[in-house]
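Colleague: One structure, pasted below without further comment.
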Amino acid sequence: MKSIVNARTAAVAAALAVASSVALAEPQGFLETIHRDTTLINTVPENGDQNPYAIAVAPVSSGTIKAGDVLVGNFNNAANLQGTGSTIVDYHPDTKQMSVFATVPRDLKACPGGIGLSTAMTMLKSGWVIVGSTPSNDGTTTTKGAGCLIVLDHTGKVVSTITGENINDPWGNMAVVDHGDTATLFVSNAGFGVGGPTPGPDGEVPVFKQSTVVRLDLEIAPGTAPVVKQQTVVASGFGAQADKGVFLVGPTGLAFSGDQKQLYVSDAIGNRITVIDDPMTRDTSAGVGRQLTADGFLHRPLAMATAPNGHLLVTNALNGQVVEIDPVAGKQLYARWIDTDKAQSPPGSGDLFGIAMTPQGDGFYYVEDDVNTLVLAK
């Protein structure tokens, strides 16, 4: 009998040891450390702009912006017409209040087609804010213009625009390398070839495989707006098509590897993540690059951010999930529901656009554009 008791005791001890080791094991992914989603603000300013797309977290304090503030751009106007939003709001985490940082003139002549603030936005260490415009006159791509990148000072005043043959509807969230007096911006352009959202002879809206990723090399003298020294198309051939529900579908997310030797691109039409090698130095297009991962948890991947562990966080357009990817292994790890709104099917479908990490790296901000809110996952 004594041997049986001892055996049982040993078995229990072994089981407890295993349970303890599991409890103390390091998380395999970043999403395992996220426990709750907190709605912070409604992003609709006084002029009624809605449909928040872009998110950028301020790296410095400058003018009315404090380091750690969250800038959110609106794509629609008060009438809910896509490609007509003109405001950037500023959420202040310290006071939990929101203010309007900028209202860009809707008919800005220096921006072809006018203003409709897209998912492309960043704030530089020098205090300049750069935001993309993918504009429309009637809320559809039938009347869209080529748009531009708009440079704003730290008070929200427009000081210049960036246009040219390489700029056509700057669409996705930017990847940025910022050294203060110089900066390198990467932005996707999804407007090439895209017309109205009218189905073709086969009943489908045509896909145009002309979207690009452009590298903009900037010089920034003290007190002077950034100047583009060089533009280079580093990727091309991504698909894009007009869409009544979300204006257009095209390459959206951009994020770097830790050593900046790879640029990851979310190809929404291809339902995949691709890799552009040597993005900082290449002087030719890599085409669509090489495929990192496709399908699986991905359901039309949109905005993308890099977590502190080097993994990619990608929002889905066709459900309310964010997907974590290990880019070294090329493996999708998890899909976490962050928007379970059953007003859409599947829940959260069409709601998620911008995503940005917190300054501390312990969570991420995202927007739910159907209810015009900024949310913190932590």
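The values are calculated or read from the model by the stated rules, or taken from the named source; none is laboratory data. The model shown is predicted, which means the values in this text are computed figures rather than measured ones. Methodologically, a virtual Cβ is constructed for each residue, glycine included, from the backbone with ideal geometry; neighbour enumeration extends over all protein chains shown.
Colleague: Hey, among ASP369, ASP362, which residue is within 17 Å of the chain's Cα centre (by Cα) and within 23 Å of PRO93 (Cα to Cα)?
Modeller: On the way: ASP362 fails: within 17 Å of the chain's Cα centre (by Cα).
Within the list ASP369, ASP362, the selection yields ASP369.
Colleague: Right, another one. Determine which member of the set ALA221, ALA190 is hydrophobic (A, V, I, L, M, F, W, C), surrounded by 15 or more Cβ atoms within 10 Å (Cβ to Cβ) and modelled with pLDDT of 95 or more. Before you say what the answer is, go through the steps one by one.
Modeller: Details: ALA221 fails: surrounded by 15 or more Cβ atoms within 10 Å (Cβ to Cβ).
Criteria check complete, one pass: ALA190.
Colleague: Further, regarding this structure: Sort out which residues of region 77-89 are without any contact (Cβ under 8 Å) to a residue 60 or more places away in the chain and either within 22 Å of MET123 (Cα to Cα) or buried (at least 16 other Cβ atoms within 10 Å of the Cβ) (or both), and write them in order of number.
Modeller: ASN77, LEU81, THR84, GLY85, SER86, THR87, VAL89
Colleague: Step by step: first the residues of region 125-181, then only those that are under 29 Å from PRO359 (Cβ atoms) and basic (Lys, Arg), then the one that is farthest from the chain's Cα centre (by Cα). Which residue is that?
Modeller: That would be LYS157.
Colleague: Any idea which of VAL129, VAL213 is touching a His at 6+ places or on another chain (Cβ under 9 Å), modelled with pLDDT of 95 or more and either surrounded by 18 or more Cβ atoms within 10 Å (Cβ to Cβ) or not aliphatic (A, V, I, L, M) (or both)?
Modeller: Values: VAL213 fails: touching a His at 6+ places or on another chain (Cβ under 9 Å).
On inspection, the qualifying residue turns out to be VAL129.
Colleague: Do we have PHE208 as surrounded by 18 or more Cβ atoms within 10 Å (Cβ to Cβ) and touching a helix residue (DSSP H, G or I) at 6+ places or on another chain (Cβ under 8 Å) here? Steps first, answer last, please.
Modeller: Working: surrounded by 18 or more Cβ atoms within 10 Å (Cβ to Cβ): yes; touching a helix residue (DSSP H, G or I) at 6+ places or on another chain (Cβ under 8 Å): no.
Spelling it out, it is not the case that PHE208 is surrounded by 18 or more Cβ atoms within 10 Å (Cβ to Cβ) and touching a helix residue (DSSP H, G or I) at 6+ places or on another chain (Cβ under 8 Å).
Colleague: So ILE65 ticks every box in (1) within 20 Å of THR161 (Cα to Cα); (2) at pLDDT 95 or above but one. Which box is left unticked?
Modeller: (1)
Colleague: When the residues of region 294-343 are narrowed to those that are small (Gly, Ala, Ser) and within 21 Å of VAL57 (Cα to Cα), which ends up farthest from the chain's Cα centre (by Cα)? Talk me through it step by step, then tell me what you get.
Modeller: The initial filter retains those residues of region 294-343 that are small (Gly, Ala, Ser), namely 294, 296, 303, 305, 307, 310, 317, 320, 329-330, 335, 343.
The next check asks that each one be within 21 Å of VAL57 (Cα to Cα); those that pass are 303, 305, 307, 310.
Numbers: ALA303: 3, ALA305: 7, ALA307: 13, GLY310: 16 Å.
Taking the candidates together, the pick is GLY310.
Colleague: Follow-up question, since we're still on this one. All but one of (1) under 15 Å from LEU254 (Cα atoms); (2) among the aromatic types (Phe, Trp, Tyr); (3) assigned to a loop (DSSP other than H, G, I, E, B) hold for PHE297; state the number of the condition that does not hold.
Modeller: Condition (1) is where PHE297 drops out.
Colleague: For region 337-362, what are the residues that are surrounded by 19 or more Cβ atoms within 10 Å (Cβ to Cβ) and in contact (Cβ under 8 Å) with a residue 60 or more places away in the chain? Step through it out loud before you land on a result.
Modeller: From region 337-362, those surrounded by 19 or more Cβ atoms within 10 Å (Cβ to Cβ) are 338-339, 348-356; that's our starting set.
Passing the criteria: ILE338, GLY350, PHE353, GLY354, ILE355, ALA356.
Colleague: If we keep just the residues of region 25-44 that are more than 20 Å from GLY348 (Cβ to Cβ) and of a type in the set (D, E, K, R), which is modelled with the lowest pLDDT?
Modeller: Filtering region 25-44 for residues that are more than 20 Å from GLY348 (Cβ to Cβ) and of a type in the set (D, E, K, R), the one modelled with the lowest pLDDT comes out as GLU26.
Colleague: Tell me, please, whether a residue that is without any contact (Cβ under 8 Å) to a residue 60 or more places away in the chain and crowded, with 23+ Cβ neighbours inside 10 Å can be found in region 90-102.
Modeller: Step one: of region 90-102, the residues without any contact (Cβ under 8 Å) to a residue 60 or more places away in the chain are 90, 92-102.
If we keep only those that are crowded, with 23+ Cβ neighbours inside 10 Å as well, we get 101.
Yes: one or more hits.
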